[in-house]
Each structure stands twice: as structure tokens, then as C-alpha cells.
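The values are calculated or read from the model by the stated rules, or taken from the named source; none is laboratory data. None of these values were measured; they are calculated from a predicted model. Quick reminder, even Gly has a Cβ in these numbers, built from the backbone with ideal geometry, and neighbours come from all protein chains shown. The protein model used for the area step is the full one, side chains on, heavy atoms only, and it has no ligands, DNA or RNA in it. Shrake-Rupley method; radii C 1.70, N 1.55, O 1.52, S 1.80 Å.
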Amino acid sequence: MTGSPEYRPMIGLEIHVALATRSKMFCGCSAEFGAPPNTNVCPVCLGLPGSLPAINARALELGIMCARAVGGQVQARMHFERKNYHYPDLPKGYQISQYAVPLAIGGEVVLDDVEDAERRVRIRRVHLEEDAGKSTHSAETGHTLLDFNRCGVPLAEIVTEPDMRSPGEARAFLEELRALLRVAGVSEVRMEAGELRCDVNFNLVRSAAGDGLEGTEISEVKNLNSFRSVQRALEYEVSRHREAIRGGEPLVHETRHWDEERGITYAARSKEEAHDYRYFPEPDLPPISVDPDLAQYLAAQVPELPRARRRRFRNEFDLGSYDARALVSEAELADFFEEAVAEGADPKDAANWILGEVRGHLNATGDSLADLPVTPRMLAALLSLVAAGEISGTMAKDVWSEAVETGRDPVSSVEESGLRQISDEETLDALVEEVIEENPDAAEEFTAGKEKALGFLVGQVMKKTRGQANPQLANERLRKALRNGSDHR
Amino acid sequence: MPEYPATALALTEAIRDGEMTSEEAAAASLAAIERFDGRLGAFLSVGDPVDPPVDGILRGLPYAAKDNLCTRDFPTTCASGILADYTPPYDATAIAGMTRAGARLVGKTNMDEFAMGSSNENSGIKPTRNPWDLQRVPGGSSGGSAAAVAAGLVPLALGTDTGGSIRQPASFCGITGMKPTYGSVSRLGLIAFASSLDQIGPLGRTARDCALAMDVLVGRDAGDSTSIEHPHAGQFLQAALEERESLRGVRIGLPAEYYAEGIDPEVARVARRAAKTLEDLGAIVEEISLPHTAYALPVYYILASAEASSNLARFDGVRYGLRAAADDIDDLYRRTRGEGFGEEVKRRIMLGTYALSAGYYDDLYVKAARVRRVMVRELEEAFKVYDYLLTPTSPTPAFCLGERTEDPLAMYMADLCTIPANMAGIPAISFPGGFVGDLPVGVQLMGPRLSDAGILATADLFQRVTDYHRVRPPLWGGDTS
Ligand SMILES: [Zn+2]
């Protein structure tokens, strides 16, 4: 007997990403996050009567780069449409978006290192639209407060095919997408600033007769603003749908919301779903023809994408996949790494240093690498001192910390403070001779087989050099001198 | 008080020559408004210009603007309850341009609410009357601007034209009104009715006055993405004033559909007589056929209403204008819009919403947009052979107040001849072509895109050999002494 095949999750995502423009999409207002409410507004983004949109060319350029980063085909001719609905934070009563002809069609994002297999998530389309404002409901006063600062900020909406097969895979996709968008310079993707928001489409499917699929009715969970919420909401939906199958309850195609605190999704009011957006071409904006030269130029501006870069870091620098992934996920770390290697640093030492010292500092302070006065050349020079045994790892950390604080070149710090280890054999041998002569008893004990006596003699060398002798080397030279000495005797 | 010259050109010359001061000009205009507008109802707000005039080609010229053009110094209401006390924080580009040229705004004019109508009876404030016969309408929707110019209260006014809203009232009031090529005049600050059709233009006593205003109004504005660089910007008056004796070699088509059933035969006769005048000036005049004209009205009412349903969505009581007392947000929308909008506006919002709705979009909006393109191509083909087309402006002379208010379709017919120019984005002018009884009748000259200067010059030539534009209506406030 052959049982029915197992149900598996089928997940598609719609991701809204705020593009990193200085000004809004259709007016000159600043797109900065966190300004006092309603300070970045003008007649256009407030939808005052008589106002008209004028497109920010940079938003279009970043949209094109975003589309290229996910492998989309940028359309030669596109237009905007109006998406009509009433909401207090939507001042025109419509959102300028794209519908029939989006910015780009197709593309894919490849996830490697996911459950030990390479997974491809196809991209259906990328389109541009403007963000809405923000409503805050005050339970205290019963008022709704509106802030239009976000209103008109340019967004790219990326729609995937339903190619993800587990909540973890959906999360891995989002992490990869975030890395892609950051590397492409399309968005800083600051989650706390709401720069990435996600809607998920979910159902359980299994193969059915023929080549078809059968499954539960689709749930759409709207407006998730962290990767964790996406994963948790999906995990909740997986068990909800499984239970429905087990219990034989029918599910309905519906929009749901995620309750972060209770960890559950709940159905939206049926009214919220009954939208007929009445899209039609935006008559205030003529259709846009994308100059092929511009599209090509912008595509060339998209740097090496994370997956290729990870692969190259593994092959070219012999890094492990953890290190490669960790470096590449932060483009500025990866760039710093490559420059340090180009300046002569050992790749593995550089990776360890950057993922340890540098990343640790950035995480602790919230600084960006660009804010720090250190350069890859400084790091390369410092690491070669360590590699040559000229300074100890602890010393290196000290002078690096100083460099991070003050911008002082760590190598000069070493030179000037005399921190450089005495690793010169001739210098050390002279000191070793002195110490042996001054401590004949200890020398005697050692040659008689008392290993412990050597520690005392090394300590004497260190004392003479105020700690600057390379202890390893002092040890070696002492052994050699004592052995030779005993031969002579 | 010195004589108040009837044309904008004469008035600006008088001021320039020191025969009159800009203060006297403004005072004369305001006095005429004060004295006559109680009967006419052309103005919604009136006020002394605050700032002294700037030195420019319109220095000291008092003018009026339709109340759908945003003005910082006057309320801008679209003659609607929903914007009853609304004063915008900025001037429309067209208004700012007039100010920079030295013109001074003395008032805002009445109109059909949100420019939806052909008689000014849809004004949410009050009707406007026709200075030729106070029982009759001035046309619409720029009826206040037309009546104010016709009655001599201002020498020049700005209007807007979405389906004939400058030309049809110009015809009813016996003046000259120009709808420029789409994109010539920035729409920034024009409260939109149908964005793909709306265009600002001048209403004056003569084609020259319209050309003078066009020199100020026309220009590319980065704030309006549909605005264009017009090759004749700043040269319209010069083109109109050029010494020309004849129209030799100019080919003018008379499309049969504009002279057929539905057009008052007396009106058609006026247009044919005007054609004969142009022929006498040397033009080659021929009858042609534009069969798709038949679809103009239904296509227009689908497309214009669809755009309007979206353009008017922002009037929701949340940020400005009327806010009705309400229990929750949906109630706020319902009551504010229910109380604030008049019947015709609601009718078009519903019509347009329907045309864009799922299940009807393809059959109504998409099909109408396709027919629009076919009509545009038909006109483009005609302009390969003919320089201009001459038609009546409106099927009838001014009708009586209340005559058509119960029958929206009869009202819509008033725009039959003017709609195609908006659909195609081409320039068109209406100028006085004669009389039917005691009422003035306008004729319309249309040309291909960017032929604005040629149209103005042709209309000017007509006005050099005719006197219809010099006849004054019984209610006349100019030349007061
Ligand atoms: Zn703005």
C-alpha cells in the first residue's frame, strides 16, 4: 500500500525595502528616519490640492540596481499606476505604485549552506512604490495621530515565487536578500527603521494526481518587520495548517496579522480584505523609458554579490565557510579584509582579527567601520609584526585599541614606546651570556637536568629587557647557550 | 476715474505710457466688480492686490483666476462645500507666473464644482449669470471667468479646460478663450479634475489678449512632469501681431460631424459663415469627415470620471477642508464626502469608480482609452492634410438657467465639439463668430499639437476683419467714467 505523500510548506514572500535616497520619491523632502513628526513634509507628500509628483531619478536608479542584484530583467519601458484606497495615513487616497508593467521581471536568489544544499528562490517581479505615513492610535485619548514623514519614501517591492519550503529557509532567504541589498548599496536595510517589511504567503501542499499539487488554502500574513517574526509566524502557520488537516477543518484563503507578544496569527477583519484597488495608469507621470546605457551603467555599479564573493573568499583565501559568510554579510568588513590582504596580511590572520577585534568593537559601540581612523594597511603591518614574532598578540591588541581610539599608527606606537620585542638573536645571545654568568647556580641546576631552573633564567632575561625580549626566543637561546656551555666544560 | 480700456493689451500699454497707474487700474476693476457682480455672481472672493506690481509685460494688469487655481492670498474652493474655507499655502505656477509678469489678482471666479459642469449651475456656492441675458447661464465650468471678462469686470481671466471648460463659456459669453496644447502650461497648483485632460488657459476679449497671456503662462515646469518645452514660448503675441494680409495656402477642414444632427442649425450657420470669412482671406476650406467623433462624449465621460474618482479621493476630512462630525474613520469619510460634495461631483465619482472596478475595468476604462487613441490618430491623420479644423464651439448658444439641470445628458451635450481637443491634447481656441438672435456664438479653431501660435494668429486675423468681439453685452462694467 502506498500512503499519501507528506504535506510540506510552500512559502512566497513580498518584501518592501526602503531605498537609500536622500530625498523622497516624488518631492524634495528629506527621507531621513527619526525626525520629529511631520517635519519632513510638503504639499506633495501631504497630498495637498493641486500638488503633483515629480520622480526622484535616484529612486529609479536604486530600483534598477535592486532589480539587478536579484537578477531581474529591467523593463525598457514602464509606467506608474495609482492604487486606490482610503486610509488616514494615505493622504492622496491612492498610492503611486506599479502594476501592469513593473520595473523588472524575473530573477533568482541562490541560498547556499542551507540544510547542506543549494536552494534557488525565483523572483517574480520588482516594482517601485511610495511608502505611506504612520498612524499611532492613542488608547488614552482615543485619538489617532498621523506622521507623514515616511509618506513618499521610495520603496522597492520584491515578490518571490512560492519557492521556500520551510520557515528557516524563508529566514535564510531574507538574510541573503538583506546582504545582497546592502552590498548593492540599494538600502541600508535598518530593520529598526522599518526599512524592510515583509508579507508572507503560506500553505501546505503535497503532490496530487498527475503532476499537480493539492494543498490548504493560502494564508497571507501581512506586515512583518523582523526576520524572527517572519520565522515565528510561519512556524505558527505550519502547525495551524497541520492541525486543520488533522482535524479535517476547512481553511479559508485569508489575510492574517501577527501578534508578536502572543506568538499567534489572527484573521484580519473581512472588510480589510475586500479591496478592489482600481489600479489605472498614473496620469501625472509620463511613462518612463529606461535608457539601455543607463541600465548597463547601473548594473555595472552593482558590486560582486555575496554568494560569488563568499565562494571567492573560500577558494582564493582558503577561508572556512563560516568566516567567508560572516565577512561577506557585512560588506564593509569584507572590503576591509580584502584590502588588508592586498597590503600583505595573511588571510586567515586578517579574518580572525576582523571578525574578532574589529567586529567586536563595532558591535559594542555601534560605530561603522568608516567612522574609525584605522586602515587596512595598519592592520596588515600590525599582523606582520605579530607573524614575525616581533610583538605578542596581547601587545598587538593594545596598540590596535589605541589606534582605534586615536588613529595613531600601531607600528609607530610599537616603535616609539619600545614595545617591539627583542627577537634579534645577537642581542639576545649577549644578554643570555650575561644572565648565565650572573647566575651560575641556576645554570648549573639546569645542566644537571633541573628543567625548572630555565624558567628562572628566562625571567632574568625578561627583567633585563623590561619585558621586551621575545620569551620563546629567550628560552631557545638559553637552552642552546647552556647546552653548548656544558659541552665546553 | 480714467477710462478703463477694454483689452488687456490696451490697458498694459496705458499703464506703461503713464496714462493710468496700476492702482487706478485695480481700483477700476474692483469698482466694477463691486457694482455689477451682485447681479452676475462671477466672483467667489475679491480683494485688493497686496503687493505692488512687478515690472513685467503685464505690469499693473488686474486679472481674475478660476477658483480651482491655488492662491496663497485668496481662498481656493473649487466652488465646493468640501473646500469652503481652504486657503492653500502656495501659488499655482500659473498664478506665480502672472505675478512675476506684473499682473495683479483681484479675485477668484465662480465655477462648476471641481470644474464638473457646463453652466456654472453646479457651483456649490451660487450660480453665475450671463451678462448678455441674466436669465441665461454663462457656460462652464469656467463660467465665472468668462462672465467677468465679458462684462468688463476684468480685462483678462484664467480658466481651466478639461472638456471645453474655457471654450464653451467663452462662446456663451461672446469672448475669446484658448485651451493650449496639453503640457504647455504647468498644472502645478491646478486642483485636478482629470489630469490627462486638464489644461490652464486664458480668457480675454481678443485673440491678442490670449496671446499676451500665453507669453506669460507657457513654459516648462519641473514640478509638473507632464509639462513640455514649447517651441514658441514667449512668442505668441509677436506671432499674433505679425503683419499678414491673407491666409493664402492655409488649409482648413470643416468636419461634417460637427455640423450635423445635435448642432443647432443657426449655430452651424455661424460657423460656416466664419469659414467663409477665412476663405475670403485666402484659406482653402474643405469639408471632411471624422467618424470617430461620435464616440467622444462616452469615452470622455468614462476617462475623465475615472481620473476624477481618484483625484478627488484626497478630500477625506482628515487634513484640510470640511470635516463632518463622525464616530469613526469610515463614518468620517462617508459624512464629509456626503455633505461636502454636490450631486454632479458624486455622480462622476461613482461613474469613475465603477469604470475602474474589477470586472468593468477592461470593458470600460481600457476600451475607452483605446478608443481615445483611435480618435487621436484620426485627428493626426486629418492634420497631415489640414492646418486647422473649424467647428462650432458648442451646439447651442447660452441656454436658460434651470433648462438642463434635470437632464445630465443634455448638459453633457454642451461639450460635444470641444472634448476631442482635450482627448488629443491639441490646442483649440473659441472666438466670437456671430450671433443667434441677441446671443453671441463662438467658433472653434483646432490645430495639431504645438500649433498654438498659428491658431492665435489665425483667430487674430479673423478679428482684424470682423467686429463680433467688439460688441458689448447689456451688462457692461468696463469703460466706466
Ligand atoms: Zn514632500
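State whether one or more residues within the stretch A:406-421 are open to solvent by less than 70 Å² (accessible area, probe 1.4 Å), over 28 Å from A:I354 (Cβ atoms), at pLDDT below 85 and of a type in the set (A, V, I, L, M). Scanning the stretch A:406-421, I find no residue that is open to solvent by less than 70 Å² (accessible area, probe 1.4 Å), over 28 Å from A:I354 (Cβ atoms), at pLDDT below 85 and of a type in the set (A, V, I, L, M), so the answer is no. Checked against the criterion of being touching a residue at least 60 places away in the same chain (Cβ under 8 Å) and out of contact with any helix residue (DSSP H, G or I) (no Cβ under 6 Å at 6 or more places or on another chain), the candidates B:T418, B:T393, B:T405 yield just one match: B:T405. Of the helices (runs of 4 or more DSSP H) contained entirely in the stretch A:247-352, those carrying at least 1 residues that are within 14 Å of another protein chain (Cβ to nearest Cβ) fall at A:270-273. The condition of being part of a helix (DSSP H, G or I), away from chain A (no Cβ under 14 Å) and basic (K, R) does not hold for B:R59. Can you tell me which residues in the stretch B:441-457 are in a helix (DSSP H, G or I) and out of contact with any Phe, Trp or Tyr (no Cβ under 6 Å at 6 or more places or on another chain)? Answer for the stretch B:441-457, where residues must be in a helix (DSSP H, G or I) and out of contact with any Phe, Trp or Tyr (no Cβ under 6 Å at 6 or more places or on another chain): B:D452, B:G454, B:I455, B:A457.
Of all residues in the stretch B:312-333, those being more than 8 Å from chain A (Cβ to nearest Cβ), open to solvent by 60 Å² or more (accessible area, probe 1.4 Å) and over 18 Å from B:T76 (Cβ atoms) number 3.
Close Cβ contacts (under 8 Å, 6 or more residues apart or on different chains) running from residues in the stretch A:139-152 that are free of Cβ contacts under 8 Å to residues at least 12 places away in the same chain and over 16 Å from A:P43 (Cβ atoms) to residues that are open to solvent by 70 Å² or more (accessible area, probe 1.4 Å) and more than 13 Å from the ligand (Cβ to nearest atom) comprise A:H143/A:H137.
From the list B:A421, B:A355, B:A414, which one is within 14 Å of another protein chain (Cβ to nearest Cβ) and open to solvent by less than 10 Å² (accessible area, probe 1.4 Å)? So that I can check it myself, show each step before the final result.
Details: B:A421 fails: within 14 Å of another protein chain (Cβ to nearest Cβ); B:A414 fails: within 14 Å of another protein chain (Cβ to nearest Cβ).
That would be B:A355, the only listed residue that is within 14 Å of another protein chain (Cβ to nearest Cβ) and open to solvent by less than 10 Å² (accessible area, probe 1.4 Å).
Within the stretch A:336-359, the set of residues being under 15 Å from the mean Cα position of the chain (by Cα) and surrounded by fewer than 17 Cβ atoms within 10 Å (Cβ to Cβ) comprises just one member, A:R359.
If you go through the stretch A:67-80 and keep only what is charged (D, E, K, R) and surrounded by fewer than 23 Cβ atoms within 10 Å (Cβ to Cβ), you end up with just A:R77. In summary, strands (runs of 3 or more DSSP E) completely within the stretch A:1-108 and bearing 3 or more residues that are away from the ligand (no atom under 15 Å from the Cβ) and charged (D, E, K, R) occur at A:81-84.
Residues in the stretch B:458-472 include none that are surrounded by 24 or more Cβ atoms within 10 Å (Cβ to Cβ) and part of a strand (DSSP E or B). Elements of the type helices (runs of 4 or more DSSP H) sitting completely within the stretch A:420-486 and holding at least 2 residues that are under 29 Å from A:A396 (Cα atoms): these cover A:425-438, A:452-464. Restricting A:Y266, A:Y279 to residues that are at pLDDT 90 or above and open to solvent by 50 Å² or more (accessible area, probe 1.4 Å) narrows the list to A:Y266. Note on the stretch B:238-276: among residues that are more than 20 Å from B:S451 (Cα to Cα) and hydroxyl-bearing (S, T, Y), the one that is surrounded by the fewest Cβ atoms within 10 Å (Cβ to Cβ) is B:Y259. Taken over the stretch A:43-89, the criterion of being of a type in the set (A, V, I, L, M, F, W, C), more than 9 Å from chain B (Cβ to nearest Cβ) and closer than 30 Å to B:K66 by Cβ is satisfied by A:C45, A:F80.
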